[in-house]
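The values are calculated or read from the model by the stated rules, or taken from the named source; none is laboratory data. Just so we're clear, the structure is a prediction, and the values are computed from it rather than from any experiment. Quick reminder, even Gly has a Cβ in these numbers, built from the backbone with ideal geometry, and neighbours come from all protein chains shown. For the accessible areas, the whole protein counts, side chains as well, though only heavy atoms, and no ligand, DNA or RNA atoms are used. Shrake-Rupley method; radii C 1.70, N 1.55, O 1.52, S 1.80 Å.
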Amino acid sequence: QALKSRAFWHVSFAHMCDVLVAVAVSTHIMPYLSSINIPRSTSSLVASAIALAGVLGRLSFGWLGDRYDKRWVTAIGFAITIPGLLLLGYIDALGAWLLVPFVFLFGVGWGGPVPLFPALMLDYFGRVRLGTILGLSLGVIMIGNMSGPPLAGWVFDSFGSYQTAWFAAAIIIIIGIVSLITAPSVDSLRRKANRQEN
């Protein structure tokens with residue numbers, strides 16, 4: 001039933017897009033900053049700061065997800081990463097000070113949806129087969145995990161710059177947001193199930 005559900009594929013694809021971008025950035029952030037003459041010590045500090053900002057995102061978005069529609073809270077998290085990616089692309093032109101808002105926006109936006117993914121699946125499909133369903137969904141998400149870093153590397157090799165990769169990543173996030181918000185709501189599925197039972 002889960003594999004036949006639009007909700008399963010919409011949510012899984014959305015998170016695949018998010019993971020693709022997150023892993024691409026985390027893998028290439030230090031080479032990128034080195035390529036635009038940011039000191040390696042600063043690059044390593046940025047990588048650590050992204051992880052710390054991600055913890056803040058997890059705590060705050062987990063709290064929000066308990067109070068509001070998890071789809072929309074997750075979509076907001078995805079959306080927050082977009083200005084972060086755009087700032088990342090303009091660091092070379094506008095200066096290293098952009099690293100500060102980038103770290104906050106990208107870290108919080110990347111970390112925030114992490115606890116909401118299993119919670120969303122629980123809301124949609126219940127507890128009975130949750131482990132199996134999460135495993136199947138993570139199989140879809142792993143496609144993004146495996147393809148993100150080589151795609152970003154290919155863009156750099158092809159264009160001689162990471163800027164195109166970061167702008168393309170922002171588009172991928174937008175696609176993920178559309179996939180997520182067009183998933184059927186949990187309430188609509190419950191109403192449909194109730195009508196079928198009656």
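Residues in the stretch 175-194 that are modelled with pLDDT under 60 and of a type outside the set (A, V, I, L, M, F, W, C): ASN194 alone. All of VAL19, VAL46, VAL73 fail the test of being of a type in the set (Val, Ile, Thr) and either over 17 Å from the mean Cα position of the chain (by Cα) or outside any helix (DSSP H, G or I) (or both), apart from VAL46. Evaluated against (1) without any contact (Cβ under 8 Å) to a residue 12 or more places away in the chain; (2) polar (S, T, N, Q); (3) open to solvent by less than 50 Å² (accessible area, probe 1.4 Å), SER60 falls short on exactly one condition, (1). Taken over the stretch 92-104, the criterion of being within 20 Å of GLY62 (Cα to Cα) and surrounded by 22 or more Cβ atoms within 10 Å (Cβ to Cβ) is satisfied by VAL103 alone. Against the criterion of being part of a helix (DSSP H, G or I), within 16 Å of the chain's Cα centre (by Cα) and either among the aliphatic types (A, V, I, L, M) or over 19 Å from HIS28 (Cα atoms) (or both), GLY57 qualifies. For GLY65, indicate whether it is out of contact with any strand residue (DSSP E or B) (no Cβ under 7 Å at 6 or more places or on another chain), at pLDDT below 90 and within 18 Å of PRO101 (Cβ to Cβ). Taking the combined requirement at face value, the residue does not satisfy it.
The residues of the stretch 3-30 that are closer than 17 Å to PHE156 by Cβ, open to solvent by 50 Å² or more (accessible area, probe 1.4 Å) and in contact (Cβ under 8 Å) with a residue 40 or more places away in the chain amount to a single one, THR27. Examine the stretch 64-72 for a residue that is surrounded by 15 or more Cβ atoms within 10 Å (Cβ to Cβ) and basic (Lys, Arg), and state whether such a residue exists. Among the residues of the stretch 64-72, at least one is surrounded by 15 or more Cβ atoms within 10 Å (Cβ to Cβ) and basic (Lys, Arg), which makes the answer yes. Just a yes or no: is a residue in the stretch 93-113 over 27 Å from SER35 (Cβ atoms) and not β-branched (Val, Ile, Thr)? Looking through the stretch 93-113, at least one residue is over 27 Å from SER35 (Cβ atoms) and not β-branched (Val, Ile, Thr).
One line per residue, one yes/no per condition, for (1) of a type in the set (A, V, I, L, M); (2) touching a helix residue (DSSP H, G or I) at 6+ places or on another chain (Cβ under 8 Å):
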| position | (1), (2) |
| --- | --- |
| THR74 | no, yes |
| GLY89 | no, yes |
| ALA93 | yes, no |
| PHE102 | no, yes |
| GLY111 | no, yes |
| LEU122 | yes, yes |
| VAL128 | yes, no |
| ILE141 | yes, yes |
| ALA152 | yes, yes |
